[in-house]
Amino acid sequence: MRHWLRVSLHLCISLTYVLCTEASNEHFHEKLSLRSLRDGKVASTFTFTTVLNGVEPRHPETLGSKDASQHYNVFPLALGQVLREYGVTELHLSMNAGKWNYEQWGYPDELSAGTGAELWVWMGEGGPLSIEQRWDGLRNALSGLFCASLATMDEQRTTSPSMTFIPEGALPIWNRPHLLRHASLPSEHVCTENLTPFLKLLPCKSFSGIASLLNPHRLFDSDWHGMGIHVLWHPDKGVEIRLAFQSVSDPLRVSRSKRRGMCLSLKPTQSSSTKSPQDWSFRSLFNRQIDRQCPVARTSTIEVALPVNEAYSLEPSPSTVELNVARFYMTNESVPLDINFRWPAEFTYPVNPPSQSLVPLSVQRTLRGSSQAHGQVSVHLRNHLDESVQAMYLETMPWLVLFYLHTLQIKLDDAPRDDLISNISYIPSILHSRPTTLQALITVPPKATIRLTMDVTKAFLRYTEHPPDAQRGWDLPPAVIVPLVNGTLRGPAQPSLGSRIYTPILLVDLATPDFSMPYNVIIFTCTVLAFLFGTIFNLLTRKFVIVRLTLNPGCTVHDL
Amino acid sequence: MERLRRLIRRPTTDPNVARLQRRAALVRFIYNHIWIVRTLLFIGGYVWMLAIPSPELGRGTYIDENALQPAQVNTYWSWGEVHSADKYLAKLEELRDQNASSAARAEFIATEFMQLGIAAATQKYEFTLSDGSSAGANAYAISPSPRTAGNEAMVISASWLSRTGDGDGTLNLRGVATVLALADFFKQYSLWAKDIIYVISDGYMEGMQAWLSAYHETTQTNLRMESLAISSGTIWTAINIDYPGHSFSHLGIFHEGLNGRLPNQDLINSFEHISKYTGGVPVLLYDHGEPGDINALRSDFPWLPNWLQEAIHDQIHLKTYFYRAKNILRHVSCQARGRASGVHGLFHQFRIDAFTVFALPAQGPHGFHALGRIVESFFRTTNNLLERLHASFFFYIFASSTHFLKVGSFLPSAVLISVAMMFGGLKHWTDAAWHLDHLVAVADHKDGSSVGNTNQEKWIRRRRPVLNALGIMISTHALGSLLFLLATSSWWQMNNQQTFYLLFPVVLASPLIALTVRPTPPSVAPLATLLKALNLCFASTVISTTTVLNFSLAAVLAVLLGIPLSIASPSRSLPIKIGKYSCYVIAAFGWMVLTPAETSNAFWNWDILGVWFAPFVCLVYAPLMLQAGIVCLLPS
């Protein structure tokens, strides 16, 4: 009887929920795509898309007046309020941990793969509040919403590289133009305190549906993980919000350490000696399976990329298979669902690098020089294709590192080739306030490596400007390279531009005082001051007179 | 009260006059007894130097950086990993038996890394030396750590040649095998916060120098190398593993870097801690045994008489003193020459804290099992670092692996000597300005009154023309640099013997021109006094500046220059002049003849590694000695 009551209650609630969502033009879609990578790792991408049909971003002119009340069923209210409060048209926030390995893993599904936090926003101009005020408020609001230090991305880190970060959706045509604000915070550590607010934005939280696989214990044990919040507007659809979580896990490492019982978070489970360590399943990747479906999701899809020319087995059998992608539609599948992917062959690491590269360009960026005053930024760009590639190169460098643009050199096989760089746009930094923006168009000849170098000086900071753990140095944001598409490369949303490639971040050593010794410093400073004061005071107050001296016996002038 | 004050007060009416007179009297007293002050300073300095090994001056080591937390983790390195290290060793021994070339070895090692799933590459390099060239190939691998930005890195390295006999050809196969097995083992941890770089460098020092230069993209004129195909972030710490024997009894620590640089002490202290508590392996400073063995004492100090050796052995304090003295002497001999005591020494120039772990060859009881666990735990410790090692000391002298001296307890010894020399120089400078007119004094002597004669003495001020003295000094330094340029040129290397016999006498005899200098009139200060004054002041400045850069070098300079420069004086007879001069010349340039191996080694270190010792000796030390020699040649 009691059981029957509970079931009917559930049914009731679900039904009202579904009816509500149907009625309110809010659609929620969830998708998980998984693919095995060259080095035996597995990349998984969770995408949760909510579309608010027929809604336009708030016009900045209306910011002073009272906004229409917001009633959402599945659209996250917390985020919606922030977006409307600051009149945001398009927003991209990503918080990643780790270095995305483009050579081995190809492009990520969500392109923002730079280490640390990155926020870029397109906002319409005009209205009672200036862009800067709204950008400032937005950062602080998001900072609170996601428990991240986004508020520190102040004007010292804000740039506007609109050639590289073009909008993914459309911008409404208002009487004033839209402007870009971009900032990145490479030293932001991303962990479970950021995931919890992320999960709260989902209609089913992590209780049911695909989101139930988001197990922090396993996600934060992966090789790379990143979460992204993307808000865009399509004129035909409305406002779309896409919450994405990506991770790269290493079944080989996990199975090995499981066997040894080395991971504290894992209990050694079944003996895996008979199993190829490259195999994965929801259990092995996330230590969970999908027990319930999310009732409000319109579509709930799991995509598994299938290997080409290799044996594999996939369990249970997918709903559809097309073009090397197996799809599972949750509505067709029985719960609990645990997808098992098996490789019959034992995995061996490729000894020779594979001939076909997954990205057109590979980038290596280093900061040379162990001095605390000077250095040199050096970027190596290698073209893997048989045709020359044009790429947009962007540096958004905090003022801590000052570029000397006249020392910019581009070399091909140690021979200077200034013709390979063009369209340089440069906004120099201002000490203690504005970062540098450097954008340039670079041409890389086929199958060649070019080297770009530029001398830099490292700024001398005020002692209050040093961060905690000052001896660590400062993290510098990644450079962004966008290879321009010439027909063969994948362009995600725009036909004119390829996908962004983020370089690894850098660590710079600045001259750092010894903060652990204030006592010595105080003593030393006081001594110097007392000495100076004493000498000058003495000279000022002394009366100079002539003394007639009769020498004592035995005393000579020499002795004086 | 008033009476009391009157008693204390001097009877002089004007207090200012009294004060000036008091001051004059004091200055006169110090001036007349400056030799006592100087002698005391010299004695104080040298006694302090002798006291450096004494246990009272040092203190026990301690961990300063809280983040390190050494020996606080469970280690998982087990016999399975030892087996994999053994397998790697077998493969490496096969390579050795095949007499594989550098390139083949590097290729093999890089392939092994790649089979572990770690990105690896090789790097070929070639040094062009004045007497030929030296080429080789390094293998390295970079393991990106999960969820890290890849802007910090730790290095674990092993050179192909062991440091035994300064790279005399003993192979470091077990060290290389340890690194390979550790690479496999470290991969299964997900907790690394920094990238781990594995470097198997070719040769002894050359390979690592080429690798580090390529990593930091520095250029060196005599080095051609491939740039690195893969790269990581800023390296903070590095450990170099040297395991030449079959088993080991102790782990020895070598920490001196190029040009006297030392790693942060925390690094070594944590290793010592971990080795003791996690690995159960005793740690030594360098590769010689602990005190307690009479035979060790006999072999270390063979010049001590037998009864004294036994007496020392019986006295625990003396025994400790001599053990520490031996450690400190090794440290000084290494640091003073600016030489790295192992491959780790090359890291310091790029602000990387590094040291070498030397597995002391013995019949047992330790092997891969202990070493692996210790290095694992050590890497977990350095992995904890949130910032660069900065809390502990960079200026220190290790007396033993658990005792060290802070800078304040050894630095003043050399400074005292340099102060004594400065006083000497200033005394000579003042003396040069005054000339006692003897005629007056002699006339007074005739009166027979012993009280009044000094009263009648007349001091005459005289000129101190420094240009000549400075000219001599500059020309000696020019001579030194000429010698240095000659010695580093390829022409010298080709015609070593002939040049030597041709040039040396010319170079050494040229200062004999000083014999032709005429005595100066009484109204002008003699050149010898001026030269000596400037020479002493300059030498003193050099020593006191060097103390804060490289204490060992400063101490050696203080010993070599302190008294010899102070006692240089002109004399009347020619044979004594020549005799004195030859003594100084031998002290200045004798090393070229007496220790040819050492000399060529110093020049090699300058050529390849940029060690400043050879130019320093040629440009600073030898000219200073030569100036003292010239003082002896000049007329008084």
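The values are calculated or read from the model by the stated rules, or taken from the named source; none is laboratory data. In this text the structure is predicted, and so the values were computed from the model without any measurement. Every residue, glycine among them, receives a Cβ derived from its backbone with ideal geometry; neighbour counts consider all protein chains shown. Side chains included, ligands, DNA and RNA excluded: accessible areas come from the protein's heavy atoms. Shrake-Rupley method; radii C 1.70, N 1.55, O 1.52, S 1.80 Å.
List of remarks:
- Amide proton proximity set for A:R58, modelled H, under 5 Å, gap of 5+: A:V88
- ³J(HN,Hα) computed for each position of segment A:205-220 - Karplus, 6.51 cos²θ - 1.76 cosθ + 1.60, integer Hz, glycine/proline x: 6, 10, 7, 8, x, 5, 4, 5, 7, 6, 9, x, 4, 8, 5, 8
- Nitroxide proxy distance, nm - points 7 Å out along Cα→Cβ at B:N306 and B:A67: 5.9
- Taking 25 Å as the straight-line reach from the Cα of A:K41, the lysines in range (excluding those fewer than 8 positions away in the same chain) are A:K31, A:K99, A:K258, A:K267, A:K275, B:K187, B:K194.
- Full-extension gain in nm, A:E125 to A:S319, via 0.36 nm per residue minus C-alpha separation: 65.1 nm
- Reduction of at least 40 Å² in accessible surface, 1.4 Å probe, comparing all protein chains with the chain by itself, residues of segment B:349-390: B:R351, B:L386, B:E387, B:R388, B:H390
- For segment B:280-376: rounded, prolate or oblate by the Cα gyration tensor [a/c cutoff 1.5]: oblate
- Cα→Cβ-extended label distance, 7 Å offset, between A:V545 and A:W174, nm: 8.4
- Alpha-carbon Debye profile of segment A:2-342, log10 I(q)/I(0) at 0.15 Å⁻¹: -1.31
- Heavy atoms of A:W399 accessible to a 1.4 Å probe, total area in Å² rounded to 10: 10
- At a probe radius of 1.4 angstrom, the accessible area of chain A per residue rounds to 47 square angstrom.
- Percent carbon-and-sulfur accessible area, segment A:2-342, ignoring ligands, DNA and RNA, probe 1.4 Å: 54
- Length, then width, then depth: along the principal axes, the Cα atoms of segment A:361-508 run 52, 37, 24 Å.
- Antiparallel DSSP beta bridges within segment A:2-342, as percent of all bridges there, nearest 5: 90
- Rounded to whole Hz, the Karplus (6.51, -1.76, 1.60) HN-Hα couplings of segment A:51-56, x for glycine and proline: 10, 9, 5, x, 10, 10
- Using the Cβ of A:F515 as centre and a radius below 11 Å, the other residues enclosed give a net charge of -3, where K and R count +1 and D and E count -1.
- Axis angle, to the nearest 10 degrees, between helix B:411-433 and the longest C-alpha principal axis of chain B: 30 degrees.
- The share of alpha-carbon pairs in chain B lying farther apart than 35 Å comes to 52%.
- Here the calculated FRET efficiency for B:R22 and B:V593, from their Cβ-Cβ distance with R0 = 51 Å, stands at 0.35, rounded to the nearest 0.05.
- From most to least packed by mean Cβ count within 10 Å, the peptides A:76-87, B:365-376 give B:365-376, A:76-87.
- Residues listed by number, segment A:90-118, amide nitrogen under 16 Å from A:H189 label point at 7 Å toward C-beta: A:96-99, A:116-117
- For peptide B:148-155, the mean count of partner chain Cβ atoms within 10 Å of a residue's Cβ comes to 6.
- Whole-number accessible area per residue in Å² for chain B, which is evaluated in the context of all protein chains at 1.4 Å: 42
- Translational diffusion of segment A:74-129 was estimated from the Stokes-Einstein equation, with Rh taken as the Kirkwood radius over Cα pairs; at 4 °C and 1.567 mPa s the coefficient is 95 µm²/s.
- Alpha-carbon spread of the protein assembly as shown, three principal axes, descending order, Å: 138, 79, 69
- Legend: residues in segment A:97-114 shielded by at least 20 square angstrom of accessible surface upon adding the remaining protein chains to the isolated chain (1.4 Å probe, heavy atoms) are A:G98, A:K99.
- Average beta-carbon neighbours from other chains, 10 Å sphere, peptide B:102-115: 1
- Amide H to amide H distances under 5 Å link B:I460 with B:H435, B:L436, B:D437, where only residues 5 or more positions off or on other chains count and H is placed in the peptide plane.
- The lysines whose alpha-carbon is closer than 28 Å to the alpha-carbon of B:K458, local same-chain residues fewer than 8 away aside, are B:K427, B:K446, B:K532.
- Label-point separation in nm, A:I166 to A:C526, each point 7 Å along Cα→Cβ: 6.5
- For peptide A:394-401, the mean count of partner chain Cβ atoms within 10 Å of a residue's Cβ comes to 0.
- Taking 21 Å as the straight-line reach from the Cα of A:K411, the lysines in range (excluding those fewer than 8 positions away in the same chain) are A:K447.
- DSSP-defined antiparallel bridges as percent of all bridges, chain B, nearest 5: 60
- Förster-model FRET efficiency, 25 Å R0, B:I30 and B:A433, C-beta, rounded to 0.05: 0.90
- Residues in segment B:516-530 carry Karplus couplings, in order, of 7, 5, 7, x, 7, x, x, 7, 10, 5, x, 4, 4, 5, 4 Hz; the curve used is 6.51 cos²θ - 1.76 cosθ + 1.60 with θ = phi - 60°, and Gly or Pro positions show x.
- Averaging 1/r over every pair of different alpha carbons in segment B:176-294 and inverting the result gives a Kirkwood radius of 17.1 Å.
- Amide H partners (placed H, <5 Å) of B:L285, local residues excluded: B:I253, B:S401
- Here r is the Cβ-Cβ distance between A:N332 and A:Y72 and R0 is 22 Å; the resulting FRET efficiency, rounded to 0.05, is 0.15.
- Segment B:114-256 shape via C-alpha gyration tensor axes, a/c threshold 1.5: oblate
- Computed from the alpha carbon positions, the gyration tensor of segment A:151-251 leads to an equivalent ellipsoid with semi-axes of 30, 20, 12 Å, biggest first.
- Three-way shape call for segment A:30-116 based on the alpha-carbon gyration tensor, with the a/c threshold at 1.5: prolate
- Percent RCO, i.e. relative contact order, over segment B:186-292, from Cα pairs under 8 Å lying at least 6 residues apart: 19
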